[in-house]
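Report on one structure; see the data block that follows.
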Amino acid sequence: ARAQIGVTGLAVMGRNLARNFARHGYTVAVHNRSYAKTQSLVEEAGHEGDFVPSESMADFVASLERPRKVVIMVKAGAATDAVIDELLPLLEEGDIVVDAGNAHFPDTIRREEALSARGLHFVGTGVSGGEEGALLGPSIMPGGTRESYESLGPILEAISAKVDGTPCCTYVGPNGAGHFVKMVHNGIEYADMQLIAEAYDLLKQGLGASAAEIGQIFAEWNSGDLESFLIEITADVLQHVDAETGSAFVDIVLDQAEQKGTGRWTVQNGLDLGVPITGIAEATFARALSGSVPQREAGHAALPAHTQEWEIGADDDSRARFVEDVRLALYASKVVAYSQGFDQIAAASAENGWDIDRGAMARIWRGGCIIRARFLNRITEAYERDANLPLLLADEYFTNAVGNGLAAWRRVVAAAAQNGVPTPAFSSSLAYYDGVRAERLPAALIQAQRDFFGAHTYRRTDREGTFHTQWSADRTEQEA
Ligand code: 6PG
């Protein structure tokens, strides 16, 4: 037994993670259901480091130093359970099983409970960054016991992305915490992508600009506060020309966005916890709307627009002002989406006793992952100022940043409504902003209605207690 870490499941993510471990000097045991993939990995990447290939699971496990560290990188769901079942009889107390797939966190909680009952550590780990990240340095979000992190953590930190020398990997919290944080990362990814798509649509319709021109605008934005991987690839994608037709690539792509489910899980969990993650929800529903083909056909045929003329002057200054408005609206909406996502992490952490450090999560998202961005430094700083910050938006930096763009944000949302450009994420983020800052909300009326039709009771602003009014009788009030 000489391998320091093992990877089972050698599709592209597993293969690249194994190569990343090897490139960092670790001896890596490798295994796959079909041996051909294991062989091709060793043939093609054998020169990069020290691999120990095994055909059987038993040989694979036997090739690992104790405590064994086995990384499972298979399709989330039943395949993960099947691999765990195969591994279990071969492992011994103290061994560490790492699930690096996109598992749903309740599955991770269940698996951790089952494995810890057998004296094993189960580490549900979020890994972000796609194929390239897995090879060159992903952002890694491991959950599980602190004890397992002592021996596993240094290896994961070694292969993770680094920003200013700091690894984009840290211990997240017990059982499902790592996969939970990865799920919220993906939810924020959905919101970020939707916001960028809305900004693109506004520039396209408002300015009548070509994809390439809009690509240049995104490239410029990438040198400021919005600097991020998603803005950078957007600039690139928009400037790409389809080889076959010679038209802008984005114009020949079918406009129906798909999803594998992590955004949906995030929204479902937001509903369970009662946390208003409206940006993520709108982004997920916008994908659903794009794929609702019969409804879109019926809507396109039947629904009038009654739009107004755009009020953007044709001169360069007016056009530049509109571009700047959209940039500010995008930034403000993005702050809202992140603020909501971090609220969700706080709520789940409290509910599950995970004690997640939100500032540390922003820190490990600065590099390697899909939502990596300059702006995450600001989030870390905000939680360093106040680890229990109830609302990220209320941190002084973000209050000022959003406040500076507030008038622009309102102009953009109003223009979108008047001109019939669908901007669910821009609009709902502004509505959230106005809702969360309001001194008084019309929720009072909702409580009154509930009491009227269902005797659901209400509380008063002027004294303690729970009350019901006898609506259908003499309308006297009773303490409930
Ligand atoms: C990552 C990504 C990745 C995710 C894809 C596709 O962090 O590397 O989040 O995990 O699976 O982005 O997600 P959808 O198919 O749901 O868009």
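Read-outs: derived from the displayed coordinates by stated rules, not from any lab. Quick caveat: nothing in here was measured; it's all calculated off a predicted structure. In this analysis, Cβ positions are derived from the backbone assuming ideal geometry, glycine residues included, and neighbour counts consider all displayed protein chains.
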For the range 295-394, the percent of all C-alpha pairs falling in each 10 Å bin, from 0 up to the bin holding the max distance, is 13, 29, 20, 20, 16, 2
Could you tell me which helices of the chain pass both thresholds, a Cα extent of 24 Å or more along their own axis and a mean Kyte-Doolittle hydropathy of at least 0.0, with helices taken as whole DSSP H runs?
177-207
Once Rh for the range 171-255 is found with the Kirkwood sum over Cα pairs, what is the Stokes-Einstein diffusion coefficient at 20 °C and 1.002 mPa s, in µm²/s?
148
Check cross-link reach from residue 75 to the lysines: straight Cα distance under 23 Å, and skip same-chain residues fewer than eight apart.
37, 182, 260
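Could you work out the relative contact order of the range 336-470, using alpha carbon pairs under 8 angstrom and six or more residues apart, expressed as a whole percent? Walk me through the intermediate numbers first.
On the way: 95 pairs, mean separation 19.3, N = 135.
Result for the range 336-470 is 14 percent.
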Radius of gyration and Dmax for the range 242-319's Cα atoms, expressed in Å?
18.2, 50
Taking max minus min of the Cα coordinates of the range 1-42 on each principal axis, largest first, gives extents in Å of 24, 21, 14
Report the Rg/Rh value for the chain, based on alpha-carbon coordinates and the Kirkwood definition of Rh.
1.03
What percentages, rounded to whole numbers, describe P(r) for the range 66-218 computed over all alpha carbon pairs with 5 Å bin width beginning at zero?
2, 9, 16, 18, 16, 11, 7, 6, 5, 4, 3, 1, 0
A correct fewest-to-most ranking of 188, 280, 214 by other Cβ atoms within 10 Å would be 214, 188, 280
